[in-house]
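Accompanying notes for the structure given below.
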Amino acid sequence: MTDTQETAPRALRIALVCPYSLSRPGGVQGQVMGLARDLGSDGHRVTVFAPIDDVADTPEGIDLVVSGSSVPLPSNGSRAPVSVSPRSAARAVRALRLGRFDVVHVHEPFSPGLPYALLLAGGLPPIVATFHRSGGSIFYAILKPLARRRARRFAVRCAVSEAARETAFDAVGGEYVVLFNGVEIERYRDATPWPTDGPTVLFLGRHEERKGLRVLLDAFALLSGEPAPAGKGGAGGAGPLPVLWIAGNGPETEWLRRLHPESEHVRWLGVLTEEEKVRRLAAADVLCAPSLGGESFGMVLLEAMAARTLVVASDIDGYRDAVGPDAVLVPPGDPTSLAKALGAALDRPVQGTETAAARERKAFLDGASARAERWSMRRLAVRYEEIYRDVVVGGPS
């Protein structure tokens with residue numbers, strides 16, 4: 001090798017800590033797994049530490065250390081599937097010490113279980129913390145005094161959005177690198193769409209008040225109107241009535257199913273596998289995210305944009321930051337405005353024709369797809385690798 005040649009940077013040994021059970025789909029879980037896959041493809045040795053509730057849910061191709069099983073705890077209007085076992089956390093800390101890791105990257109660092117145990121443990125490599133939460137948290141409120149002191153353990157603090165940074169700053173102060181949530185672009189762009197029979201709207205999320213499913217169901221009733229004769233539409237005009245796919249579950253599922261039972265046009269899908277989620281996102285005409293608030297970023301919106309699916313969502317901070325001008329935003333909690341937006345989004349041209357509206361829709365989706373590329377998991381992994389190398393060289397031990 002000549003003096004002018006450079007050696008490639010050595011591969012890092014990285015621990016990614018997820019507080020939430022991998023047996024439950026969720027935004028943080030998706031980020032951790034996506035980073036593990038992308039960083040691993042670059043030759044880094046990545047181990048994920050996370051709770052899991054069923055061995056059948058163990059992800060393929062990922063080096064995993066199980067940090068307990070989960071219990072649902074109330075958090076930010078939702079139920080967080082976290083491990084609260086001190087014994088499981090202690091075992092995971094021992095594995096971290098023995099693993100000769102260069103860096104530990106903990107997501108949502110003030111969650112119960114292993115993340116909080118990391119703040120109390122010694123003998124660990126530098127810790128990078130990423131804050132995902134937007135809005136108040138019972139975890140922050142209860143643990144705030146200790147959290148402020150122990151947050152000094154973090155070599156670098158990151159936030160997935162400005163809203164998440166503000167939440168973390170209010171809780172523990174400090175300086176933050178504002179990054180983003182990453183999208184595994186190729187998985188959505190190249191997905192085989194799920195079969196459909198006509199215009200389709202997809203809801204993906206937990207069935208709880210803040211996710212706004214009741215608002216969507218009321219809007220869908222306004223949109224579709226009374227059952228129409230064959231070949232005729234409802235309130236939206238000519239064409240087949242749209243179908244609403246409702247994925248997920250939650251505390252409001254049974255109540256909302258009684259109000260809006262399964263029918264030809266309302267399909268209750270339950271919790272989807274990751275593969276089915278990707279395929280249904282690619283197949284739907286519209287992803288609707290009617291949340292009332294408390295969203296730090298809106299990951300599923302960018303996933304839909306990568307899949308070239310039109311997004312209709314609530315005009316709230318976390319969503320607005322994610323989608324910019326490349327989605328249709330409506331006032332939160334307003335079924336009438338939502339119904340109008342969905343009706344316009346579903347006004348599709350007849351197969352084989354190209355109207356001005358169709359050209360406008362294509363241009364809109366082109367912009368959305370390009371915007372999603374800016375949030376690619378590849379770009380995010382590169383940014384985190386830069387941070388890891390900085391703290392490995394100069395961070396605290």
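A short reminder: the numbers here are calculations on the coordinates, not readings from a lab. Please read these numbers as outputs of a predicted model, since none were measured by experiment. Cβ atoms come from the backbone with ideal geometry, glycine included; neighbour counts cover every protein chain shown.
Just a few scattered comments:
- Simple spin-label estimate for residue 84 and residue 359 gives 6.0 nm between the two label positions (7 Å along the Cα-to-Cβ direction from each Cα).
- Each principal axis of the Cα cloud of the range 8-68 was taken in turn, and the coordinate range along them, longest first, works out to 39, 19, 18 Å.
- For 108, 276, 386, order by how many other beta-carbon atoms lie within 10 Å, fewest first: 386, 276, 108
- Computed from Cα positions, the angle between helix 162-172 and the longest principal axis of the chain comes to roughly 40 degrees.
- Straight Cα distances below 16 angstrom link residue 277 to the aspartates and glutamates 57, 184, 186, 190, 285, 303, with same-chain residues fewer than 8 positions distant left out.
- Rough spin-label spacing in nm, given labels placed 7 Å along Cα→Cβ, for residue 258 and residue 189: 4.7 nm
- Amide H to amide H distances under 5 Å link residue 202 with 245, 286, 287, 288, where only residues 5 or more positions off or on other chains count and H is placed in the peptide plane.
- Note on residue 308 and residue 100: their simple-model spin labels are 4.8 nm apart, each label 7 Å out from Cα toward Cβ.
- Helix 274-283 and the long axis of the chain differ in direction by around 40°, with both axes built from C-alpha atoms.
- Normalised by the number of residues in the range 186-373, the average gap of Cα pairs under 8 Å and 6 or more apart makes the relative contact order 25 percent.
- Between 0 and 90°, nearest 10: helix 335-345 axis offset from the chain longest Cα axis: 80 degrees
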